[in-house]
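Presented below is the structure to which this report refers.
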Amino acid sequence: MEKESYDIKSMTLSEIKTVIASMGEKPFRAKQLYEWMHVKLARSYEEMTNLPKSLRQQLAQKYPYISLREVTIQTSKLDGTKKYLFALADGNYVESVWMQYHHGNSVCISSQVGCRMGCRFCASTLDGLERNLTPSEMLEQIYMISRNTGERVSNIVVMGTGEPLDNYDNLLRFLYMVSDENGLNISQRNITVSTCGIVENMRRLAKEKLQITLALSLHGSTQEKRQELMPIANRYAIDEVISACRYYFEQTGRRVTFEYSLVGGVNDTETDAENLCKLIAGLNCHINLIPVNPIQERDYIASERRDVLNFQSRLEKKHINATVRREMGRDIDGACGQLRRRFGDLN
Ligand code: SAH
């Protein structure tokens, strides 16, 4: 965690203390600066009015202040979900989503610009990976939305564009910072990280013993079915992935979530449901069933309502918790990566 090359908004409080000391400033300035960035959500050094002007000038010279630029906001007429498109300093775009549930406000953030995992039904991966996001760029998606809505963010899901465990070091730093009591202080229990199943990093994350929820994108209940939809399955066998989930639970005590996107005629039959029950037998988990959100570039279709409910009831008969996810923001390019791509087309 002590990389020197990080931008200032990606630095931990103790790293900021070192920076402040090296500038010959009093130690309490570190906490003030950290608070401006991560609690008061300042947009620039100029806003940090209780820091001496000379310090602000020095900081501005040495440490460019990372912030995002709001490009578009789409608000769903169906459920108030908001989808944000942000520009990064280098001209790349990322998208983030704001969702209001009865239990609180959730923000879904992106972890990379593009993605190299290649899942067949996903829009984020169609142009491959452009680059990783830094911790500050992940934080700033939340800060921008928080400023825009004026409301407190209580839950975070790392389920936007990108594979978080393919950007492991930055993700880990982000997780520590966003749950830091000196920063936004979001409870780790209210944070979910979703992965397509990069086994060694699932195990590394387990060893950190954070209280976050790990969500595994399963989408197939046998090795063959999974391979059809997810190229990552060629790298890790389904049994290895499930055993990493078991390990995560053992290490953290946190129940794992499985994401299962139902694709009409591909993974939604009764046999699929039965195989799924066998695969995860005895595992303390929860399953989210999501009818696939069709994207223009692929001809996958969502499962029929009847098949979705049938699939769910087969799981429940085996006492496996399964929720059919409400599809939020369907009218505003709800599925990952759709907005960023459409915007790219328009330009
Ligand atoms: N790379 C991570 C997180 C980003 S994707 C992962 O794979 O989990 C977040 C979730 O949305 C994943 O479960 C992914 O498989 C799913 N997803 C992507 N495109 C989708 C689509 N068009 N319809 C339904 N679910 C989709």
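The values are calculated or read from the model by the stated rules, or taken from the named source; none is laboratory data. These numbers come from a predicted model, not from an experiment. Note that each Cβ is placed from the backbone with ideal geometry, even for glycine, and that neighbours are counted across all protein chains shown. What goes into the accessible areas is simple: the full protein's heavy atoms, side chains included, and nothing from ligands, DNA or RNA. Shrake-Rupley method; radii C 1.70, N 1.55, O 1.52, S 1.80 Å.
Antiparallel versus total DSSP beta bridges in the chain: what percent is that, nearest 5? Kindly include the intermediate steps, with their values, before the conclusion.
On the way: 21 of 45 bridges.
Once the DSSP bridges in the chain are tallied, antiparallel ones form about 45 percent.
Cβ neighbours within 10 Å, averaged per peptide: list 158-166, 223-231, 45-53, 91-99 in order, most packed at the top. Can you show the working numbers first?
Working: 158-166: 25.6, 223-231: 18.0, 45-53: 13.4, 91-99: 21.9.
Result, highest mean first: 158-166, 91-99, 223-231, 45-53.
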Open item on the list: Based on alpha-carbon centroids, what's the gap between the stretch 93-152 and the stretch 15-70 in Å, whole number please?
Closed with: 25 Å
Task: 19 Å Cα-Cα reach of Lys53 towards aspartates and glutamates, excluding residues that sit fewer than 8 places from it in its own chain - done: Glu25, Glu35
Open item on the list: Using each residue's phi in the stretch 239-253, evaluate 6.51 cos²θ - 1.76 cosθ + 1.60 at θ = phi - 60° and report the 3J(HN,Hα) Karplus result to the nearest Hz, with x for Gly and Pro.
Closed with: 5, 5, 5, 5, 5, 5, 5, 4, 4, 4, 5, 4, 6, 10, x
TODO: Give me the distance in nm between label points sitting 7 Å out from Cα along the Cα-to-Cβ direction at Arg325 and Asp127, one decimal.
DONE: 2.3 nm
- [ ] Return the loop-located GluC sites (Glu not before Pro) in the stretch 105-197 (DSSP other than H, G, I, E, B) with at most 10 other Cβ atoms within 10 Å of their own Cβ; answer none if there are none.
- [x] Glu181
Task: Neighbour-limited loop hits for trypsin sites (Lys or Arg not before Pro), the stretch 133-210 (at most 13 other Cβ within 10 Å; DSSP other than H, G, I, E, B) - done: Arg152, Lys209
Open item on the list: So if each residue of separation counts as 0.36 nm, and I subtract the Cα-Cα distance between Glu224 and Arg147, what length gain in nm does that give?
Closed with: 23.2 nm
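With the full set of protein chains in place, find how many percent of the accessible area of the stretch 215-327 is carbon and sulfur; take the probe as 1.4 Å. Working shown, then result.
Details: 2430 of 5310 Å².
Taking all protein chains in place, the stretch 215-327 shows 46 percent carbon and sulfur surface.
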- [ ] Could you work out how far helix 199-208 tilts from the main Cα principal axis of the chain, as a 0 to 90 degree angle to the nearest 10?
- [x] 50 degrees
TODO: Could you work out how far apart the two model spin labels at Arg246 and Leu283 are, taking each label as a point 7 Å from the Cα in the direction of the beta carbon, and quote it in nm?
DONE: 1.0 nm
- [ ] Please tell me the relative contact order of the stretch 27-157 in percent, rounded to the nearest whole number, where contacts are Cα pairs under 8 Å and at least six residues apart.
- [x] 17 percent
Task: Mean separation of Cα contacts under 8 Å (6+ apart) over length of the chain, as relative contact order % - done: 15 percent
Task: Spatially proximal aspartates and glutamates relative to Lys31 (Cα-Cα < 20 Å; intrachain offsets below 8 disregarded) - done: Glu2, Glu4, Asp7, Glu15, Glu46, Glu47, Glu140, Asp180, Glu181
Open item on the list: Run the Debye formula on the Cα coordinates of the chain, all scatterers equal and no solvent, and tell me log10 I(q)/I(0) at q = 0.15 1/Å.
Closed with: -1.30
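Before I look further, what does the stretch 106-242 give for accessible area per residue, probe 1.4 Å, in whole square angstrom?
On the way: 4350 Å² over 137 residues.
Result: 32 Å² per residue.
Cβ under 11 Å from Thr213's Cβ, Thr213 left aside: what net charge do those residues give with Lys, Arg +1 and Asp, Glu -1?
Values: positive: Arg189, Arg254, Arg255; negative: none.
Local net charge: +3.
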